[in-house]
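Contents: one structure, followed by commentary.
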Amino acid sequence: VTYLMALAIPCSAQIGVILGILAAIGGGAYAVAYALIILATFGISGVLLNRVMPGDTTPLLMDIPPVRLPRLSDIARKTYFRTRSFMSEVALFFVGGAALLSILDITGGLEGIQSAIAPLVKGWLQLPQEASTAFVMGFVRRDFGAAGLYGAADLGISLSSGQSLVALVAITLFVPCIASVLIIARERGARYMTLAWVGTIVTAFAAAGVVAQFMKVSPL
């Protein structure tokens with residue numbers, strides 16, 4: 001369950017960017033295709049994981065308290081404490097991730113990464129080499145990667161509608177954001193987190209590549 005949530009459940013920030021891109025490329029059929037691809041990947045991954053790591057189903061017991069109108073003071077207090085707790089855990093990693101991207105850009109490391117994964121991006125995903133920048137941004141946060149695709153022109157990328165769909169599938173299934181990685185490491189351990197991190201990368205590129213090869217997006 002932890003892996004499936006990290007793999008195929010976008011955060012609210014990422015959903016907003018994804019919807020914006022789908023609307024820009026025509027929505028409709030592309031939105032339906034995107035949803036079906038993500039759901040299929042979610043289901044197939046779940047079936048395979050269940051064969052590799054079967055578990056026992058436990059009964060679900062829920063104690064539903066009386067429904068009352070919430071008080072604004074309680075909402076504000078809980079929001080404050082949860083926001084403070086979240087920021088104290090991940091602020092350093094956000095700053096570190098942004099600094100890393102800046103260093104890579106200044107030192108030319110970003111171009112080196114683009115060249116290294118160019119065969120995968122261009123040959124398997126049928127995307128321009130410059131799209132690699134969006135995936136590098138996705139290592140920090142998946143919505144950063146999606147935002148990179150939304151501003152593709154700023155990255156020197158020109159994508160067809162079919163290519164945009166392939167890129168969206170890859171970014172959606174890509175590595176969890178830093179906050180999710182920290183929670184997974186704390187709850188499941190560093191080994192599980194590493195396996196999940198690598199697994200999402202493999203799954204993302206495998207699923208998006210299958211879509212790219214099926215659609216033959218390069219001529220579109």
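So which residues in the range 201-220 are modelled with pLDDT under 90 and either charged (D, E, K, R) or open to solvent by less than 20 Å² (accessible area, probe 1.4 Å) (or both)?
Within the range 201-220, LYS216, VAL217 qualify.
Among the candidates ALA6, ALA99, ALA23, ALA33, which residue alone is closer than 24 Å to PHE139 by Cα, under 20 Å from the mean Cα position of the chain (by Cα) and of a type outside the set (Val, Ile, Thr)?
When all the criteria are applied, what remains is ALA6.
Hey, among the residues in the range 29-46 that are over 21 Å from ILE184 (Cα atoms) and β-branched (Val, Ile, Thr), which one's most open to solvent (accessible area, probe 1.4 Å)?
ILE44
Going through the range 2-28 one residue at a time, which ones are open to solvent by 50 Å² or more (accessible area, probe 1.4 Å) and part of a helix (DSSP H, G or I)?
MET5, SER12, ILE15, LEU19, ALA23, ALA24
If a residue counts only when it is without any contact (Cβ under 8 Å) to a residue 24 or more places away in the chain and farther than 30 Å from THR203 by Cβ, which helices (runs of 4 or more DSSP H) contained entirely in the range 29-140 have at least 3 such residues?
72-107
Taking into account only those residues within the range 162-192 that are open to solvent by 40 Å² or more (accessible area, probe 1.4 Å) and touching a residue at least 12 places away in the same chain (Cβ under 8 Å), which is nearest to PRO10 (Cα to Cα)?
Going through the qualifying residues, I end up with SER180.
Could you tell me which numbered condition VAL95 fails, if it satisfies all but one of (1) under 30 Å from GLN163 (Cβ atoms); (2) hydrophobic (A, V, I, L, M, F, W, C); (3) open to solvent by 90 Å² or more (accessible area, probe 1.4 Å)?
Just one mismatch for VAL95, condition (1).
Assess whether ASP74 counts as being of a type outside the set (A, V, I, L, M, F, W, C) and modelled with pLDDT of 85 or more. It would help to see each step written out before you state the result.
Working: of a type outside the set (A, V, I, L, M, F, W, C): yes; modelled with pLDDT of 85 or more: yes.
The answer is yes for ASP74.
The values are calculated or read from the model by the stated rules, or taken from the named source; none is laboratory data. Here the structure is a predicted model, which is why all the values come from computation and not from measurement. For neighbour counting, all protein chains shown are included, and Cβ atoms are generated from backbone atoms with ideal geometry for every residue, glycine included. Side chains included, ligands, DNA and RNA excluded: accessible areas come from the protein's heavy atoms. Shrake-Rupley method; radii C 1.70, N 1.55, O 1.52, S 1.80 Å.
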